[in-house]
Structures are given as C-alpha cells and as structure tokens.
Amino acid sequence: MNWSTKVHDVKVVVMDIDGVLTDGRIGYGLGHDQEIKFFDVHDGTGIQLARRAGLLAGVLSGRSSLANQRRARELNLDFILEDVHVKADGLRQLCANLGVEPRQCLYIGDDLIDIPPMRLAGVSAAVGDAAAEVISAADWVATRPGGRGAVREILERLLRLQGHWEQLMKRYV
C-alpha cells in the first residue's frame, strides 16, 4: 500500500520543532531561559485548519524550551513532547497514549533523528531544506524550507487529499 492510500488513515499530525516549525536557528537572550525562535504564522494557520478538520496535532522534539511551550499553547496543540532523544520510542508512546497506531500518523521532520519515526508513521514528510537522508526517507517533500511555510504546504496537501479542503474554505470564501 502506498502513501496515497494511507493518507486517508491519518488522524494525527506529529511535527518536529527545530528546523520544521522554525528555520532551525536558535538565539539566546540575556537569561538562560530566554531562547529566541521564529515561527511562521502560515504554518500556524495550517495547523489550525488540520485541527478544524478533526485531526490531532502536536510536536515531538529532542529539545525543550520555553519558546516551544509558548508556541504550543498559542496554537492550542493537542500534545507537546520535549526532550525525546529516541523519537521512534516517543512516537510509539504518543500513539499508545492517544489510542492510535503509528500508521495513523503523518510525521514531519528535517534531520537524521527524525528518520526512525518517519519510517514508523503511515505518511512521512520532509521540509524542503531537510537533510538529504531525510528527503530520501520521506513520502512527501515540501518545496518550502522549515520555518518558512513548509508545514502549511504539507498540511494543505494532506487536507486536500483527505477531502477536507473545500469544507474548510467555506469559512473564508
């Protein structure tokens, strides 16, 4: 079964943060907890559209930061898992907690640590500037880079293929 058939099983969107929801750069402020990251508002809209379509959405990150937590709260994400250094195990645990199978997940990544959960997920996607190995492992590859609309592009594709797009657009047009 290829990804085009598996896309209809997707119920959960799992995203990495650094390099996916951000451009991968990390800045530091004056205090030890003042990490600075930039998130793309278009990605946030894509996440909200996915949630309106009934999908669960959240993040699985190898790092922890107040910036991550704040953005997750602003987007009202369904889950935020941080400090997960073996992401395949993190995805398995997340699925157990949500009562879904990994095949019911879309996983979006950008770096080598994301390859194992991408292989577990029903559908995997890479941002446009992901590592070459991640791009090779992905079912879909965005044309846009991480932190610059790649998540929106991937989620729009998912929502169109699942048949949600027209209904979601009635709110706007």
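Within the range 130-161, can you find the residues that are more than 20 Å from Arg119 (Cα to Cα) and either among the acidic types (Asp, Glu) or surrounded by fewer than 17 Cβ atoms within 10 Å (Cβ to Cβ) (or both)? Residues satisfying the conditions are Thr143, Glu153, Glu156, Arg160, Leu161. Against the numbered list (1) hydrophobic (A, V, I, L, M, F, W, C); (2) closer than 19 Å to Ala53 by Cβ; (3) in contact (Cβ under 8 Å) with a residue 40 or more places away in the chain; (4) not in a helix (DSSP H, G or I), Leu158 comes up short only at (4).
In the range 1-89, counting only helices (runs of 4 or more DSSP H) that sit wholly within it, the ones holding 2 or more residues that are in contact with an Asp or Glu (Cβ under 8 Å, 6 or more places away or on another chain) and of a type in the set (A, V, I, L, M, F, W, C) span 66-74. Exactly one residue out of Gly99, Gly90 is exposed (fewer than 15 other Cβ atoms within 10 Å of the Cβ) and of a type in the set (Gly, Ala, Ser), and it is Gly99. Residues in the range 20-60 that are over 19 Å from Met118 (Cα atoms), among the polar types (S, T, N, Q) and in contact with a helix residue (DSSP H, G or I) (Cβ under 9 Å, 6 or more places away or on another chain) were compared, and the one that is modelled with the highest pLDDT is Thr45. Taken together, the criteria exclude Arg63 from residues that are surrounded by fewer than 14 Cβ atoms within 10 Å (Cβ to Cβ), of a type outside the set (Val, Ile, Thr) and either in contact (Cβ under 8 Å) with a residue 40 or more places away in the chain or in contact with a helix residue (DSSP H, G or I) (Cβ under 8 Å, 6 or more places away or on another chain) (or both).
Conditions tested, residue by residue: (1) modelled with pLDDT under 95; (2) out of contact with any strand residue (DSSP E or B) (no Cβ under 9 Å at 6 or more places or on another chain); (3) within 13 Å of Val20 (Cα to Cα).
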{"site": "Asn76", "(1), (2), (3)": "no, yes, no"}
{"site": "Asp89", "(1), (2), (3)": "no, yes, no"}
{"site": "Gly109", "(1), (2), (3)": "no, no, yes"}
{"site": "Ala137", "(1), (2), (3)": "no, no, no"}
{"site": "Ala142", "(1), (2), (3)": "no, no, yes"}
{"site": "Ala150", "(1), (2), (3)": "no, no, yes"}
{"site": "Ile154", "(1), (2), (3)": "no, no, yes"}
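The set of residues from the range 115-147 being of a type in the set (D, E, K, R), over 13 Å from Leu91 (Cα atoms) and in contact with a helix residue (DSSP H, G or I) (Cβ under 7 Å, 6 or more places away or on another chain) comprises Glu133, Asp139, Arg144.
Any residue at all in the range 92-113 that's over 15 Å from Asp40 (Cβ atoms), touching a helix residue (DSSP H, G or I) at 6+ places or on another chain (Cβ under 9 Å) and polar (S, T, N, Q)? Yes, there is a match, as at least one residue in the range 92-113 is over 15 Å from Asp40 (Cβ atoms), touching a helix residue (DSSP H, G or I) at 6+ places or on another chain (Cβ under 9 Å) and polar (S, T, N, Q).
Just need a number here: residues in the range 116-140 that are among the aliphatic types (A, V, I, L, M), closer than 25 Å to Gln162 by Cβ and in a helix (DSSP H, G or I).
If we filter the range 116-140 for residues that are among the aliphatic types (A, V, I, L, M), which is where we start, we get 118, 120-121, 123, 125-127, 130-132, 134-135, 137-138.
Then drop every residue that is not closer than 25 Å to Gln162 by Cβ, which leaves 118, 120-121, 123, 125-127, 130, 134-135, 137-138.
Restricting the remaining residues to those that are in a helix (DSSP H, G or I) gives 118, 120, 134-135, 137.
Residues in the range 116-140 being among the aliphatic types (A, V, I, L, M), closer than 25 Å to Gln162 by Cβ and in a helix (DSSP H, G or I): 5 in total.
The values are calculated or read from the model by the stated rules, or taken from the named source; none is laboratory data. Only a predicted model underlies this, so the values are computations on that prediction, with no experimental measurement involved. Don't worry about glycine lacking a Cβ; one is built from the backbone with ideal geometry, like all the others, and counts go over all protein chains shown.
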